[in-house]
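Shown next, in structure tokens, is the structure this report addresses.
The values are calculated or read from the model by the stated rules, or taken from the named source; none is laboratory data. For clarity, every value in this text was computed on a predicted model and none was experimentally measured. Quick reminder, even Gly has a Cβ in these numbers, built from the backbone with ideal geometry, and neighbours come from all protein chains shown. For the accessible areas, the whole protein counts, side chains as well, though only heavy atoms, and no ligand, DNA or RNA atoms are used. Shrake-Rupley method; radii C 1.70, N 1.55, O 1.52, S 1.80 Å.
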Amino acid sequence: MSNTTKKWFSLNLGSRKENASSSSCSCGKKEGDCHSADTSPQQKDGFDQVFDVPMDRRTAFKKLTASLLIGAGAVSTSCSLVSGNESKEKAQIDWEEQFKGNYKLMSEEEKKATVERLARSYELRTGKTINLSSQGPEENVLFGYAFNISKCQGYMDCVNACVEENNQDRNSQMQYIRIHEMKDGKGFNFNEADDNYYHEVPAEGHFYMGTQCFHCDNPPCTKVCPVQATWQEEDGLVVIDYDWCVGCRYCMAACPYDGRRFNWSQPEVPEAEINKNQHYLGNRLRKKGVMEKCTFCVQRSRAGKNPACVEACPTGARIFGNLLDPNSTIRWVLENKKVFRLKEDLGTEPKFWYFMD
């Protein structure tokens, strides 16, 4: 695919990685990647990062109070003659978690220690083990997605698979994917679309269109976060550090595609239904008051698998792959089909295309 022949989008795929060294990363560093910042003498530790963020006096007081309570509990447990080793270990983990830094700024060793600590914490609390990954992006990979409107029949297998794969809250029935049922001849009218249909599909005189986080190449959601809890990784995935999110929902308001979800209550997933193959930036269990969204199943995609929605689609309407691989199916779609994206005029450059046969 040459840059002179493409006319369906403006992502400079061929030179993206070549230009990486000269472009600014999402943390604002002008040279190198985020990891190079780890060696900077100005690098803040977790304690400084926790308290050196924009917050009002009430939030600061709550953080200070929580820290003092955790610290008092840790001291009490460590000095107690009757507390077991597991209680002391849990208190130590709680203390270290309280003052851990932003995942984006962690070194590889710190990331590894963090996921090991969380996995151990889960084991201490439940007696069960999880496989928690911190696998980072690979070189020469830029993930993209295509959706064949002609093939979608509205079965919603993708929605159910996404909920199960990503440990989404069952009480609120949170869903990252929406399938919009639209009437033929009315165009893409989302205001009149039915997103909660409960009848046999496909319904006569209707077509179906899925939306989710589009992992924009110019994501407005990351720019409004006051604490840099959300950012774009080198493989194009827009991710969230759930432990760094303060729940202001600025990113939710900035997203023009309704791609983000907020936990208004403590998410609950029955123990037997928890997917224990998790990623720190993906489907690990979240908490009340934080944002979450589709990550293109980072725990699967970075392991060489398709997202769960792609695997579950019975009609083959969903296509996922590496945009930098000229032999990938998604590149074939982009080069041979008449594709389009939603709200092109906003300049967000979503890496999610639609097409019809």
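For this structure, a couple of remarks:
- By the Cα gyration tensor, region 175-261 has an equivalent ellipsoid whose semi-axes, rounded to whole angstrom, run 32, 13, 11 from largest to smallest.
- Global size of region 125-172 as Cα Rg and Dmax, reported in angstrom: 16.4, 47
- Note that region 101-174 presents 45 Å² accessible area per residue, ligands and nucleic acids not counted, probe 1.4 Å.
- Summed side-chain charge close to ARG284 - residues other than ARG284 whose Cβ falls under 12 Å, Lys, Arg +1, Asp, Glu -1: 0
- When the C-alpha to C-alpha distance is required to be over 29 Å, the pairs from LYS151/LYS293; LYS223/LYS337; LYS111/LYS151; LYS288/LYS343; LYS223/LYS288 that qualify are LYS223/LYS337; LYS111/LYS151; LYS288/LYS343.
- Amide H within-cut-off set for LEU132, under 5 Å, with H built and near neighbours excluded: GLN278
- Equivalent ellipsoid semi-axes, region 121-213, via Cα gyration tensor eigenvalues times 5, rooted, Å: 34, 19, 10
- Accessible surface of region 79-135, 1.4 Å probe: 48 percent of it comes from carbon and sulfur atoms.
- What the Kirkwood sum gives for region 204-357 is a hydrodynamic radius of 16.9 Å, with every pair of different alpha carbons counted.
- A simple spin-label model places pseudo-atoms 7 Å from Cα toward Cβ; at SER265 and PHE340 they are separated by 4.0 nm.
- Whole-number accessible area per residue in Å² for region 219-316, which is evaluated in the context of all protein chains at 1.4 Å: 38
- Nearest-10 value in Å² for the accessible area of SER87, using the 1.4 Å probe: 60
- Working from label points 7 Å from Cα in the Cα-to-Cβ sense, the LYS186 to VAL201 distance is 1.6 nm.
- Scaling the Cα radius of gyration of region 144-288 by the globular reference 2.2 N^0.38 Å produces a ratio of 1.13.
- 3J(HN,Hα) from dihedral phi, region 121-132, Karplus parametrisation 6.51/-1.76/1.60, rounded to Hz, x for glycine, proline: 4, 5, 5, 5, 7, 10, x, 10, 10, 10, 9, 9
- Taking each residue as 0.36 nm, the span from ASN218 to ASP258 lengthens on full extension beyond its C-alpha to C-alpha distance by 12.8 nm.
- Here the peptides 305-314, 203-212 are ranked by packing, the mean other Cβ count within 10 Å, and the order with the highest first is 305-314, 203-212.
- Accessible-area composition of region 205-265, carbon plus sulfur, in percent [1.4 Å probe]: 54
- Centre separation in Å (Cα based) which lies between region 266-282 and region 204-220: 25
- Summary of packing: across the peptides 149-157, 193-201, the per-residue average of other C-beta atoms within 10 Å ranks them, highest first, as 149-157, 193-201.
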